[in-house]
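Just so it is clear, none of the values below were taken in a lab; they were calculated from the coordinates. None of the values given here were measured: they were computed from a predicted structure. Glycine gets a Cβ as well: all are built from the backbone with ideal geometry, and neighbour counts include every protein chain shown.
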Amino acid sequence: MTDPTDHGHADRRTLLKGAAVAGAVIPFLAACGSSGGDNSSSQLKSPAGGGSSSGSAAGGGNGGGNGGGGSTADVLTTTSDVPKGGGVVLDDAGIVITQPDAGDFKGFTNICTHMGCPVSNVDGGTINCLCHGSQYSIEYGSVVAGPAPSPLAAKPIEVKGKDILAG
């Protein structure tokens, strides 16, 4: 019942059946893996973003019970903490806040566009990434010195009195 000319090689029909099964199973497994990956990555992101997320949830709860205390959860810093002609890097919030001119506050992402390092400081009128020397304008987030290929993305902020809030 075995073919005497068979030397252990699969015939075309067997290969096609195997390909059909693999074609049906692999997307299913990929979908399962993707779902699990998304859940774990969102769980990993949650603690890092949890400060602002849980702060908002707590603020919302406080706002309901106390009649409007919810906005304090979104306070990033105060205007007095951001020097004129300089700025501050807020790693936990993922933002750099600058004050190029008196009373003019700007928000930018804190991630360098060159290799994804967090920027280190604001000094000498530039936002500085010490990983590879990139520098960005405190007014526009544009590249002042490379190797960064593109500007820092703007992040919305809002100034209310002495507080600077996430916008």
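Some observations on this one:
- Residue in region 138-166 that is nearest to the chain's Cα centre (by Cα), counting only those that are surrounded by 12 or more Cβ atoms within 10 Å (Cβ to Cβ) and touching a residue at least 60 places away in the same chain (Cβ under 8 Å): 155
- Matching residues in region 82-104 - criterion: being touching a Gly at 6+ places or on another chain (Cβ under 9 Å), closer than 12 Å to residue 155 by Cβ and assigned to a strand (DSSP E or B): 95, 96, 97, 98
- Here residue 120 meets each of (1) of a type outside the set (Phe, Trp, Tyr); (2) more than 23 Å from residue 78 (Cβ to Cβ); (3) touching a Cys at 6+ places or on another chain (Cβ under 7 Å); (4) surrounded by fewer than 19 Cβ atoms within 10 Å (Cβ to Cβ) with one exception, condition (2).
- Within region 80-112, the residues that satisfy the criterion of being of a type outside the set (Asp, Glu) and more than 17 Å from residue 139 (Cβ to Cβ) are 80, 90, 93, 94, 111, 112.
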